Amino acid sequence: MRNLKLFFLTLLISTTLSAQNGYNIGDVATDFRLENIDGNFISLSDFSEAKGFILIFTCNTCPYAVAYEDRIEALNKKYAPMGYPVIAIMPNNTTIKPGDSLEAMKKRAIEKGFTFPYLIDREQSIFPQYGATKTPHVYILQKSNDKNIIRYIGAIDDNYKSASKVKIKYVENAVEELLNGMQVHLTKTKAIGCSIKI
């Protein structure tokens, strides 16, 4: 009987872990409805003219995420007019990280002049669907027949310490390839950042 219980417990754990792996390249991402810092709720379907999205799980409190703030803003300014806006989602448990509360998010967005939606995954239900584990963690989605297809997963570029020392701009390269009707050459990189707090 003990062995049977152990078997089912192992099965349950392995099933849960595989369910938490999230999306892979080519998967269809489901839409969501999350609160923005302005109090409105936003879904991907609201962006009818978009060709896709640069979806970034990020926050206020992680040094890696802070180091990338200006680069995230630059991505939005460059690619939103071309049909690939940035959508930022804050995934952390705000009880553990009060510096990531909605009020703190609003304050940070004003300080930095964010021009992209900055949404809160208050129920922590969206980041597990994607399989995000870090802040920042990027997912590039391409619209195809009203579906959002995952085309890239990983880091923004190859140097979180310094924008001036970046050699490979993973996100920019992927978006440029999509805009030019090409397949993304490098579809996955390792996201570097703080673990998402649950």
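The values are calculated or read from the model by the stated rules, or taken from the named source; none is laboratory data. All values derive from a computational prediction rather than experimental measurement. All Cβ positions, glycine included, derive from the backbone under ideal geometry; neighbour counts span all protein chains shown.
Miscellaneous remarks
- Looking only at region 125-146, and only at residues there that are within 15 Å of ASP31 (Cα to Cα) and either exposed (fewer than 15 other Cβ atoms within 10 Å of the Cβ) or hydroxyl-bearing (Ser, Thr, Tyr) (or both), the one that is farthest from the chain's Cα centre (by Cα): ASN145
- Failed item in (1) assigned to a helix (DSSP H, G or I); (2) under 17 Å from PHE53 (Cβ atoms), with GLY99 passing the rest: (2)
- Residues satisfying the stated conditions in region 145-182, i.e. touching a residue at least 24 places away in the same chain (Cβ under 8 Å) and either basic (Lys, Arg) or more than 28 Å from ASN92 (Cβ to Cβ) (or both): LYS147, ARG151, LYS161, LEU178, LEU179
- Lone qualifier among THR94, THR135, THR115 - being among the hydroxyl-bearing types (Ser, Thr, Tyr) and without any contact (Cβ under 8 Å) to a residue 40 or more places away in the chain: THR94
- Considering region 46-78, the residues that are part of a strand (DSSP E or B) and aromatic (Phe, Trp, Tyr) include one that is farthest from VAL175 (Cα to Cα), namely PHE57.
- Of all residues in region 67-82, those being in contact with a helix residue (DSSP H, G or I) (Cβ under 9 Å, 6 or more places away or on another chain) and either surrounded by 17 or more Cβ atoms within 10 Å (Cβ to Cβ) or modelled with pLDDT under 95 (or both) number 8.
- Count of region 32-63 residues which are surrounded by 12 or more Cβ atoms within 10 Å (Cβ to Cβ) and of a type in the set (Asp, Glu): 2
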